[in-house]
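Below: the structure, in structure tokens.
The values are calculated or read from the model by the stated rules, or taken from the named source; none is laboratory data. What you are looking at is a predicted structure, and each value in this text was computed from that prediction instead of being measured. Note that we place each Cβ from the backbone using ideal geometry, even for glycine, and neighbour counts take in every protein chain shown. Quick note on the areas: whole protein, heavy atoms, side chains included, nothing else; ligands and nucleic acids left out. Shrake-Rupley method; radii C 1.70, N 1.55, O 1.52, S 1.80 Å.
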Amino acid sequence: MVSPTSSSSERSAPRVQVTLLDADRAGAAQLAAGLAARGIDVTSRAALRDVGSLAGAAALVVATPVSADEWRAACEAVADCDPAPALLLVDRAGQAGELRRALPGHPGPDAVLPPAALLPTLVVAIGESLRGRGRAAPTATLPDLLAALAALRETGVLELRAEDLCTRILIREGAPVFAEGGALRETLGRLLLRRGALSEADYVRVIERMTARLIENEATRMGEVLIELGLLTPQEVFEALSEQVRDKILCCFRWSRFEHHFEPRGALPDDVLAYRCPPVEALVLAGVREHFDEARLAPLLAPVRGARLRLRASAEEIAARFAATPAEQRLLRDLDGSRTCEALRAASPLGSAHAGQVLAALVVLDAVETVADDAARAAPERARSAPAPRETPPHEAVARETALPRRTKAAPFSLSQLRRELARQGKALAPARAPVDARTAALEAERAFRQGLALLAQPALPGARRAFARACEGNPDEPEYALMAAWVETLLAKEDAARAAARARAAEHARRLLKHDPDSARAHDVLGQIAIAAGELDAAERHFRHVLRAAPEHRDALRGMRTVERRRAESARKR
């Protein structure tokens with residue numbers, strides 16, 4: 001369904017007009033509200049005779065059940081328009097085959113959509129149909145895309161581009177199974193550094209060993225070197241690689257504006273199926289929880305605004321699929337059809353924002369349904385007679401849904417043994433995909449960058465300048481490298497004009513880095529130092545406090561806070 005080339009960005013596309021032919025008036029109204037929130041204005045009709053002209057409509061959406069005569073009339077109405085709107089069939093009644101046989105010479109609809117996760121699937125289908133015609137397309141969020149791919153059980157590669165970054169998510173029968181690309185902070189080594197599983201000195205040893213092996217034309221992956229040096233066990237490497245895949249996918253949720261390209265494939269390489277990737281429901285909830293504010297939640301919650309909500313399955317089953325926390329599971333148990341979305345948010349101990357994030361994930365993945373008032377009145381009585389489900393710990397919820405079950409026997413003692421074990425199961429660790437020369441350049445750049453940091457700490461500024469310059473040469477698109485190169489120039493500058501120019505460049509690179517990594521300690525520290533130089537003490541304090549919240553012992557941020565306090569004291573004495 002998703003075309004090989006497409007683009008998407010929230011709030012960036014013009015509004016489009018769609019005509020909806022659906023005898024279910026209540027369902028059509030709910031669908032229209034959700035589409036309107038995503039930039040699609042809907043004219044809804046219960047019968048084709050009431051539709052009128054399709055002129056100006058970007059698409060005609062027909063929901064079954066529908067008679068063969070009405071389907072024939074719909075196809076003729078589309079053919080009579082210039083340009084012809086897209087024709088989409090929502091096959092609630094399983095009539096697609098019958099309707100195709102009714103018009104044997106007709107090319108048929110642009111897409112046939114299942115009723116599951118209908119809203120996001122329809123948003124994506126309308127966009128792809130219009131882009132195939134070279135016309136303006138509606139918006140789609142990343143939760144929309146993942147929900148649509150899951151509902152259609154697509155297999156292929158979803159490529160997401162934003163902020164000069166590209167992440168490729170491999171999808172198998174609708175489920176994400178692997179991810180690659182992304183920002184430097186999402187590499188395995190940087191992940192281990194942030195988690196405290198690897199020291200700076202050991203990280204440098206790994207980079208140097210990998211670089212030496214590449215120069216010898218032996219493409220050694222980081223996991224192999226970590227095990228070879230005795231820094232991690234094979235099982236720890238395997239767990240870290242699985243965590244890296246999850247982090248790469250979750251980082252994509254921070255993009256409110258992005259382009260995407262989906263390439264359908266008949267199958268994926270077996271080696272990418274070895275990792276434990278959470279189910280799509282857990283990924284969407286985690287991504288929405290981490291990156292969606294009220295403005296980004298609004299389109300996802302629009303179709304259920306004012307509606308009473310009920311889970312489509314048991315709270316325990318939903319909690320397992322979404323890896324809900326114990327506190328979130330209490331909200332799930334309240335979804336019995338007796339309260340509206342707004343009432344649930346207002347009453348939830350989670351707080352309105354967090355409860356809205358949980359509800360948005362449930363809505364977009366079709367885990368809840370709306371209920372009529374008469375059904376809602378009966379819900380509290382049913383709830384009182386039903387036993388309360390056991391709360392499912394998040395780690396247990398994820399483990400139930402993972403692609404590779406945890407083994408009870410001891411972990412293999414080497415990566416090669418782990419590979420043999422996975423190969424015996426029909427799986428293997430993913431091979432390196434980048435060409436050796438590109439990987440050599442990236443490793444050389446990272447090694448030079450770590451050398452630059454060590455020289456900067458001494459401080460040996462001329463040596464740091466040379467090291468950061470080599471890092472930028474090897475990876476010119478990495479903002480962290482460019483930031484530190486500009487910052488060293490600021491420290492070395494002897495004239496005010498040169499120092500001001502270097503500070504401006506450093507600030508620009510720091511802001512760019514924060515788009516990739518909002519919590520980057522280096523970016524916040526440099527911006528804090530620049531703010532001090534400009535006399536903007538409040539701004540400097542905000543940046544340093546951001547660093548210290550994550551790293552209370554951060555030396556440069558602590559020094560910066562002392563400078564802010566001293567400058568304020570000096571200013572107070574002068575008054």
Q: Rounded, prolate or oblate: pick one for region 463-515, where a ≥ b ≥ c are the square roots of the eigenvalues of its C-alpha gyration tensor, a/c under 1.5 means rounded, and failing that, prolate if a/b is larger than b/c, else oblate.
A: oblate
(Q) Can you bin every Cα-Cα distance in region 123-229 into 5 Å intervals starting at zero and give me the percent of pairs per bin, rounded to whole numbers? (A) 2, 10, 14, 15, 15, 13, 9, 8, 7, 6, 2, 0
Q. At a 1.4 Å probe, what is the % contribution of carbon and sulfur to the accessible area of region 480-575?
A. 49 percent
**Q.** Debye log10 I(q)/I(0) for region 37-77, one point scatterer per Cα, at q = 0.17 Å⁻¹
**A.** -0.48
Q) Going 7 Å from the Cα of K494 toward and past its Cβ, which residues in region 439-462 have a backbone nitrogen under 14 Å from where you end up? A) 462
Q.
Can you compute the label reach from R161? Point 7 Å from Cα along the Cβ direction, backbone N cut-off under 12 Å, restricted to region 236-266.
A. 258-262
Q. What does the convex hull of the Cα atoms of region 502-547 come to per residue, in Å³, rounded to a whole number?
A. 52 Å³
Q) Quick one: Debye curve from the C-alpha atoms of region 509-573, no solvent, what's log10 I(q)/I(0) at q = 0.21, 0.26 Å⁻¹? A) -0.76, -1.06
Q.
Accessible area per residue for region 111-245 in Å², computed with a 1.4 Å probe and the full protein assembly in place, what is it?
A. 34 Å²
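State the extension gain, in nm to one decimal, for the chain segment bounded by A441 and R205, taking 0.36 nm per residue of separation less the distance between their alpha-carbons.
83.3 nm
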Q) Fully extended, how many nm does the chain gain between A68 and E294 (0.36 nm per residue separation, minus their Cα-Cα distance)? A) 77.0 nm
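Can you tell me what share of the DSSP beta bridges in region 26-167 is antiparallel? A percent to the nearest 5 is fine.
25 percent
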Q: Using a Förster distance of 41 angstrom, determine the FRET efficiency expected from the C-beta separation of R312 and A212, and round it to 0.05.
A: 0.15
Q: Compute the FRET efficiency between A454 and T563 as 1/(1 + (r/R0)^6), taking r as their Cβ-Cβ distance and R0 = 30 Å, and round to the nearest 0.05.
A: 0.80
Q. Per residue, how many Å² of accessible area does region 435-575 show with a 1.4 Å probe?
A. 54 Å²
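For region 24-153, what is Rg from Cα atoms divided by 2.2 N^0.38 Å, rounded to two decimals?
Working: Rg = 13.9 Å, N = 130, 2.2 N^0.38 = 14.0 Å.
Cα-based Rg divided by the globular estimate yields 0.99.
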**Q.** Cα pair distances in region 465-573, grouped into 10 Å bins until the bin that holds the longest one, percent each
**A.** 16, 42, 34, 7, 1
